[in-house]
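A short write-up of the structure that comes next.
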Amino acid sequence: MGIMQTDRTLPSNRMVFEVRRDAAKLERFRSDLEGLMSEYGLSDEEKRAFRTVDIKGLGDLGVHPYFLPQVTRLFKGAGYNHNESDAARLYAEKMLKDG
């Protein structure tokens, strides 16, 4: 799940990159995740990982390591970004879940 395992062609990487930078896409992520994932052409495995917020699974699929904590911020917000934030707790929970 390191930088060398990043799949630059993975649709999830493009989706996370663009959603983080575009307020309209962020709103779509929050209101119509299924439609957005289909629009970006995510695989069934990618969709399942987003639906269950499987951060480790996204990493195993090839999502860039930098984007993994960003995904939790997409779900939980980043307004109060620190080690005890909802996003940080979600990231830790999902990454430590399966060891």
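Lys and Arg at +1, Asp and Glu at -1: add these up for the other residues within a Cβ distance under 12 Å of ARG28 and post the number. Write down the numbers at each step before the final one.
Values: positive: LYS25, ARG30; negative: GLU18, ASP22, GLU27, ASP32, GLU34, GLU39.
Surrounding charge for ARG28 is -4.
Here are a few candidate values for Cα extents along the principal axes in Å: (i) 43, 30, 22; (ii) 33, 29, 20; (iii) 41, 29, 19. Which one was actually calculated from the structure I just gave you?
Evaluating Cα extents along the principal axes in Å on these atoms matches (ii).
Please report the accessible area of GLU18 (heavy atoms, 1.4 Å probe, ligands and nucleic acids excluded) in Å², nearest 10.
The accessible area comes out at roughly 50 Å².
Any chance you could count the Lys pairs in the chain whose alpha carbons are under 19 Å apart, treating pairs 8 or more apart or on different chains as valid?
For the chain, the number of qualifying lysine pairs is 10.
Counting only the heavy atoms of the protein chains, how much of ARG89 is accessible to a 1.4 Å probe, in Å² to the nearest 10?
130 Å²
For the chain, report the accessible area per residue in Å² (1.4 Å probe, heavy atoms, rounded to an integer). Walk me through the numbers before you get to the answer.
Values: 5880 Å² over 99 residues.
That works out to 59 Å² for each residue.
Can you sort ILE55, ILE3 by solvent-accessible area, 1.4 Å probe, largest first?
ILE3, ILE55
How big is the accessible area of ASP44 in square angstrom, nearest 10, if you roll a 1.4 angstrom probe over the protein chains?
Estimated to the nearest 10 Å², ASP44 gives 120 Å².
Just to check I understand the Karplus step: with θ = phi - 60° and J = 6.51 cos²θ - 1.76 cosθ + 1.60, what whole-Hz values come out for the stretch 58-63, glycine and proline as x?
Values per residue, Gly and Pro as x: 4, x, 5, 6, x, 5 Hz.
Give me the percent relative contact order of the chain, please, defined on Cα pairs under 8 angstrom at least 6 residues apart. List each step's numbers first, then the result.
Values: 99 pairs, mean separation 32.1, N = 99.
It comes to 32 percent, rounded to a whole number.
The values are calculated or read from the model by the stated rules, or taken from the named source; none is laboratory data. These numbers were taken from a predicted model, which means no experiment stands behind them. Neighbour counts run over all protein chains shown; Cβ positions are idealised from the backbone, glycine included. The accessibility values were calculated without ligands, DNA or RNA, using every heavy atom of the protein model including side chains. Shrake-Rupley method; radii C 1.70, N 1.55, O 1.52, S 1.80 Å.
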